[in-house]
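The values are calculated or read from the model by the stated rules, or taken from the named source; none is laboratory data. None of these values were measured; they are calculated from a predicted model. No Cβ is skipped: glycine too gets one built from the backbone with ideal geometry, and neighbour counts run over all protein chains shown.
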Amino acid sequence: MEDQSGNGTIGAVLVVGGGVGGIQAALDLAESGYYVYLVEKSPSIGGIMAQLDKTFPTNDCSMCILSPKLVETGRHLNIQLITNAELQEVSGEAGKFKVKVLQRPRHVDIDKCTGCGSCAESVFDNLKERDGQIWVDRIVVDEAKCTQCGDCTLACLAENEEAHAMTNVVFERRRVPELPVQQREGIEPETLAQRLALMDDESRKDFWQAELSKCIKCFGCRDACPVWIYDGAELEDAEWIKPGEIPPAVPLFQIIRAYRIADLCVNCGMCEDACPMDIPLRAIHQLMWRQSPESVFEVVPGLDSETKNRLVQRLKEEPAVNTEIAR
Amino acid sequence: MSTDFVLTVCPYCGCGCQVYVQVMDGRATGVVPCRTDEISEGRPCIKGRNAVDFVDHPDRLKSPLLKRDGKFQPISWDEALGIVAERLGKTKRKHGPDSIGVLASAKCTNEENFLLMKFARAVIGTNNVDHCARLCHASTVVGLAKAFGSGAMTNSVPEVEGSDCILIIGSNTIEQHPLIGSRVLRAKEKGARLVVADPRRTPIAEFADVYLQHRPGTDVCLLNGIMNLILSWDLADRDFIAERTEGFDELEKKVKEYPPEKVCEIAGIDQAALEEAARLYGQAERGSILYGMGITQHTTGVENVLCIADLAMLTGNIGRESTGVNPLRGQNNVQGACDMGALPNVYSGYQLVTDGTARAKFEEAWGVELPQQPGLMATEMTDAAIDGSLKAMYIVGENPALSDADINHLKKALRSLDFLVVQDIFLSEAAQLAHVVLPACSFAEKEGTFTATDRRVQRVRKAIEPIGESKPDWIILSELAARIGGAGFDYPSPREIMQEISALTPSYAGVTYERLDEGAILPWPCTSEEHNGTRFLHKDSFTRGKGRFFPIDYREPAELPDRKYPFVLTTGRLMFQYHTGTMTRRTPALERELPTGFVEINPEDAKRLSISQGQWVTVESRRGKIRIQALVTERMLPGVVFIPFHFAECPANELTSRHLDPEAKIPEFKVCAVKINKG
């Protein structure tokens, strides 16, 4: 960044956050002649608005508002996008700031990637069936979901042996135990969701049994949840969850809660933050993202009010009011 | 529309979580967690999340009430204060000041308790002032003061996380102090070992490495047994004992009389488990003991507490971070009410009324002569009322008609008084027996400070205007004192009361509203404005100099089961209700969880008596009987039953016994004999 005005100030601006607010700010600034650095934590800009159907109060289609702005931001010559990155430090003063930005790895070398999509295919067989086609331009490995199976790297290798694009810790991780200690440096520790995904069913069940037994039924996870829109629901129905019991029916209480927000969860982590007993609730949702709600609960939540959910139907036949379940 | 968020302290347990009260157009509409609060970290429990729901409940008392022909009629403040002042004044003139008793409240602020203590001593002229600590941790205040010189939790709540062995005895930590329970589980995740001893298998027992289900009332025996093993394996901290303590030889001799075989026989526990418990605590680097009502509410309450103090000193687990003897105080400000001297034998900061210098200091500050003899304790006032030596009582923010032991006896005592004033936010069971009821304000409507269980003084801030004609307790007291003729009660705000407290109380000397409002965390002793408070007590020396060992003999509880009354009844609390339920039973989210009480009974006993789940039974003791539903559960030992005391429709305290600890005068809530019949 060079000194343009002669008084020490710099003609560049940093916008933190690539939601619709950040995008509009970046566009306005760029149009008025500033050079804009737009820093976004997730791999892509768009934020929450891109996940909404309609906007309040006019009921306008939200993508119709947002997508032209997304395209313009992406192509604007005065805007440099820095995605998958976080602001770490700010120093200096108005007119001349110095910032430190942490750029997270995307695990894909964009210059080498040909957009063939075989990496995605290798780990997500359903993708093709669902969308009819795979169109990949800027692919990224989502660390929260990655189980380090390494299949994507192998697929990439198979496609392009000379210059494979997956610059992947995933592939390395698979070999971690074989690597000498000094070479393991820089390899990030696994996330809880990754660890859980690799567990066998029995140990995963034990893990959740132990964690959910801590619950003191404060309803904090439900009250803090921004997408919980049900009034009471089964959590307050004595037929499902016996009132006054601690811990509340394990694991039914949390399964019902997770089921209710399966398709709405934005992984904000408020549930986990609100939990006095430190239960890693966020991991439940991260795990659920791997599988479609219909494969977990055998119903697509919210599509049809007539369809009764199977989980609840089964409970009806066998009510969970056994008082000693949880103890 | 106006909105505001006011930082204040949760009005329930002693954890002392700070929360924001959400205010919309002058109404308290909700609670928002405070993420920067050290205790809750923005994660309060269900009671904290619903803490304001009772505040504008329609049942709130909105004007003073006078009982005429057995019915309450609203009267004006002027009239009400006039009647109270006249009747109390008359009683004082006719029967002397000691014919009046005052009960302070662990739900009121420090300032109000101090004022009430001043009112009783300086205006009425009696030391007959006490509060509900008599029913919960009186044994702790007496016991720990004898052993260490200071009767409070030695370490702070966040330190629990750093312990490497936690011994929990007689505390249902997860249900009653959820945020402390959460820290115990965190410590466990970090590798700490957990030993739980409790006759009732409470939720925390599920997480224990060693769980000892001893018989109710055998705590002394159990603790002596642990000490015996620690000594015989030479795990005692001999350097600590030699340097910092006295009276060890007698203790050593005494615990030799408790070999593990004998202990296991009396307490009904497995010897391997006892040995494992002794090994875990004995070998711990930073061993911490948490205890609650299970220790204190016995005729041997003080002895139980002394035994715990002995165990901590024996292993040198005191005076360091993450160790200590930690009584978990039940009420948000029961620590503060004790600190403020709402006790018959001490002024604020535990300065004895029998100590001439302390008395002279208070006499000089208040400009009156103060009574010299310690007054009646709450449990003694009941008997004094019945035998006629106590004529009038002034009860602030307490509901002894449900919380005291043997409430039929207590109600008889309250009825036999010439004059009873109750000052409360709801028409509680005790208030219904009063001649005059004064409407007070809830925590959301006044300024002040609460002292949490780990001695942390925190600010309570006014969120909304008083409901109806109710007034904060300190204003009522000031006005009443002025009418009776007490000088020095014209405080413009609680800030000035705190200044008086700081000036007269060495351990609160550095506590000011300015510092608290700046966000300072001040656990007392905080001896000057520069002092940053004391996180853990007894660092280099004990408050009394050297720690004192007390050899304790095991004594049986006062009332044991016999052929006529074959069951042991133990009482306690539940997660979703709080004490006598004046607040929680008016909170829909909590009342929905637990709308009524039950008697927990072991499946074996239930089978023998052919009682099924949910069946109505009659539980009867020598003092009364109640009808209640049965809950058959493995949580209880055979021969032991449990009833929560929250519920007025099935009050456990109609059954409990009035046998008192000889020193602390705390009733034995945890053991009495009952029989159970169907129907």
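Just checking, how many residues over segment B:251-290 are free of Cβ contacts under 8 Å to residues at least 24 places away in the same chain and among the small types (Gly, Ala, Ser)?
Adding up the residues that qualify gives 1.
Table: residues versus (1) closer than 19 Å to B:Gln423 by Cα; (2) within 14 Å of chain A (Cβ to nearest Cβ).
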{"residue": "B:Ser2", "(1), (2)": "no, no"}
{"residue": "B:Pro11", "(1), (2)": "yes, no"}
{"residue": "B:Gly14", "(1), (2)": "no, no"}
{"residue": "B:Val19", "(1), (2)": "no, yes"}
{"residue": "B:Ala28", "(1), (2)": "no, no"}
{"residue": "B:Asp56", "(1), (2)": "yes, no"}
{"residue": "B:Arg87", "(1), (2)": "yes, no"}
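Among the helices (runs of 4 or more DSSP H) lying completely within segment A:238-327, list those that include at least 1 residues that are more than 30 Å from B:Leu590 (Cβ to Cβ) and either modelled with pLDDT of 85 or more or away from chain B (no Cβ under 14 Å) (or both).
On the way: elements: A:252-260, A:270-274, A:281-288, A:293-297, A:310-317.
Passing ranges, in order: A:281-288, A:293-297, A:310-317.
Return yes or no: is B:Arg183 within 14 Å of chain A (Cβ to nearest Cβ), within 30 Å of A:Leu212 (Cα to Cα) and in a loop (DSSP other than H, G, I, E, B)? I'd like the intermediate steps shown before the answer.
On the way: within 14 Å of chain A (Cβ to nearest Cβ): yes; within 30 Å of A:Leu212 (Cα to Cα): yes; in a loop (DSSP other than H, G, I, E, B): no.
No; evaluated as a whole, the condition is false for this residue.
Restrict the check to segment B:35-50 and report whether at least one residue is outside the structural domain of B:Leu352 (by TED's automatic domain parsing), in contact with a Gly (Cβ under 6 Å, 6 or more places away or on another chain), in a strand (DSSP E or B) and modelled with pLDDT under 95.
The answer is no, given that none of the residues of segment B:35-50 is outside the structural domain of B:Leu352 (by TED's automatic domain parsing), in contact with a Gly (Cβ under 6 Å, 6 or more places away or on another chain), in a strand (DSSP E or B) and modelled with pLDDT under 95.
List every residue pair whose Cβ atoms lie under 6 Å apart, where the two residues are 6 or more positions apart in sequence or sit on different chains, the first residue falls within segment B:35-54 and is more than 8 Å from chain A (Cβ to nearest Cβ) and over 15 Å from B:Leu7 (Cβ atoms), and the second residue, located anywhere, is outside any loop (DSSP other than H, G, I, E, B) and among the small types (Gly, Ala, Ser).
Between residues of segment B:35-54 that are more than 8 Å from chain A (Cβ to nearest Cβ) and over 15 Å from B:Leu7 (Cβ atoms) and residues that are outside any loop (DSSP other than H, G, I, E, B) and among the small types (Gly, Ala, Ser), the close pairs are B:Asn50/B:Ala589.
Considering segment B:289-325 alone, what residues qualify as being more than 23 Å from B:Ile180 (Cα to Cα) and acidic (Asp, Glu)?
Hits for segment B:289-325 are B:Glu303, B:Asp310.
Go through B:Lys107, B:Lys67, B:Lys90, B:Lys94 for me and flag whichever is of a type outside the set (S, T, N, Q) and part of a loop (DSSP other than H, G, I, E, B). So that I can check it myself, show each step before the final result.
Values: B:Lys67 fails: part of a loop (DSSP other than H, G, I, E, B); B:Lys90 fails: part of a loop (DSSP other than H, G, I, E, B); B:Lys94 fails: part of a loop (DSSP other than H, G, I, E, B).
Only one candidate passes the filter, namely B:Lys107.
Rundown of residues vs (1) assigned to a strand (DSSP E or B); (2) within 25 Å of the chain's Cα centre (by Cα); (3) surrounded by fewer than 14 Cβ atoms within 10 Å (Cβ to Cβ), yes/no style:
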site: A:Leu29; (1), (2), (3): no, no, no
site: A:Lys69; (1), (2), (3): no, yes, no
site: A:Ser91; (1), (2), (3): yes, no, yes
site: A:His107; (1), (2), (3): no, yes, no
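Of the conditions (1) away from every other protein chain (no Cβ under 14 Å); (2) in a helix (DSSP H, G or I); (3) crowded, with 19+ Cβ neighbours inside 10 Å, B:Pro216 fails just one. Which one is it?
Tallying (1) away from every other protein chain (no Cβ under 14 Å); (2) in a helix (DSSP H, G or I); (3) crowded, with 19+ Cβ neighbours inside 10 Å, B:Pro216 fails exactly one: (2).
What is the one condition in (1) out of contact with any Asp or Glu (no Cβ under 7 Å at 6 or more places or on another chain); (2) charged (D, E, K, R); (3) part of a loop (DSSP other than H, G, I, E, B) that B:Lys462 does not satisfy?
So B:Lys462 meets the others, but not (1).
Run B:Ala277 past the list (1) outside any loop (DSSP other than H, G, I, E, B); (2) at pLDDT below 95; (3) closer than 25 Å to B:Tyr211 by Cα and report the number of the one that doesn't hold.
Unmet condition: (2).
What number of residues within segment B:380-405 satisfy the criterion of being within 19 Å of B:Met117 (Cβ to Cβ) and surrounded by 23 or more Cβ atoms within 10 Å (Cβ to Cβ)?
Here the count works out to 10.
For (1) under 24 Å from B:Ile169 (Cβ atoms); (2) in contact with a Leu (Cβ under 8 Å, 6 or more places away or on another chain); (3) assigned to a loop (DSSP other than H, G, I, E, B); (4) without any contact (Cβ under 8 Å) to a residue 24 or more places away in the chain, each residue gets a yes or a no:
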position	(1), (2), (3), (4)
B:Arg627	no, no, no, yes
B:Ala630	no, no, no, no
B:Arg635	yes, no, yes, no
B:His646	yes, yes, yes, no
B:Asn653	yes, yes, no, no
B:Arg658	no, no, yes, no
B:Lys670	yes, no, yes, no
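Would you pick out the residues in segment B:354-391 that are touching a residue at least 60 places away in the same chain (Cβ under 8 Å), closer than 30 Å to B:Arg658 by Cβ and assigned to a loop (DSSP other than H, G, I, E, B)?
Once the filter is applied, which keeps residues that are touching a residue at least 60 places away in the same chain (Cβ under 8 Å), closer than 30 Å to B:Arg658 by Cβ and assigned to a loop (DSSP other than H, G, I, E, B), segment B:354-391 yields B:Pro371, B:Gln373, B:Pro374, B:Gly375, B:Leu376, B:Met377, B:Ser389, B:Leu390, B:Lys391.
Taking B:Gly14, is it surrounded by 15 or more Cβ atoms within 10 Å (Cβ to Cβ), over 12 Å from B:Ala463 (Cβ atoms) and free of Cβ contacts under 8 Å to residues at least 40 places away in the same chain?
no
I'd like the full set of residues that are touching a His at 6+ places or on another chain (Cβ under 6 Å) and either charged (D, E, K, R) or within 12 Å of another protein chain (Cβ to nearest Cβ) (or both), limited to segment B:569-585.
At the first step, the residues of segment B:569-585 found to be touching a His at 6+ places or on another chain (Cβ under 6 Å) are B:577, B:581.
Across segment B:569-585, the qualifying residue is only B:Gln577.
Taking segment B:130-146 only, how many residues are more than 11 Å from the chain's Cα centre (by Cα) and in a helix (DSSP H, G or I)?
The first filter runs over segment B:130-146 and keeps only residues more than 11 Å from the chain's Cα centre (by Cα), leaving B:130, B:142-146.
Now narrow it down to the ones that are in a helix (DSSP H, G or I): B:142-146.
The qualifying residues number 5.
With the structure loaded, tell me whether B:Leu438 is surrounded by 19 or more Cβ atoms within 10 Å (Cβ to Cβ), more than 22 Å from the chain's Cα centre (by Cα) and in a helix (DSSP H, G or I) or whether it fails that test. Reasoning before the result, please.
Details: surrounded by 19 or more Cβ atoms within 10 Å (Cβ to Cβ): yes; more than 22 Å from the chain's Cα centre (by Cα): yes; in a helix (DSSP H, G or I): no.
No.
Given segment A:156-233, what helices (runs of 4 or more DSSP H) lie entirely inside it while holding 1 or more residues that are at pLDDT below 75 and charged (D, E, K, R)?
Working: elements: A:169-174, A:181-184, A:192-198, A:201-212, A:220-224.
It comes to A:169-174, A:181-184, A:192-198.
Name the single residue, out of those in segment B:551-578 being under 30 Å from B:Ser428 (Cβ atoms) and aliphatic (A, V, I, L, M), that is surrounded by the fewest Cβ atoms within 10 Å (Cβ to Cβ).
Filtering segment B:551-578 for residues that are under 30 Å from B:Ser428 (Cβ atoms) and aliphatic (A, V, I, L, M), the one surrounded by the fewest Cβ atoms within 10 Å (Cβ to Cβ) comes out as B:Ala558.
Can you tell me which of B:Glu112, B:Glu79 is of a type in the set (Asp, Glu) and either within 30 Å of B:Pro327 (Cβ to Cβ) or within 14 Å of another protein chain (Cβ to nearest Cβ) (or both)?
B:Glu112
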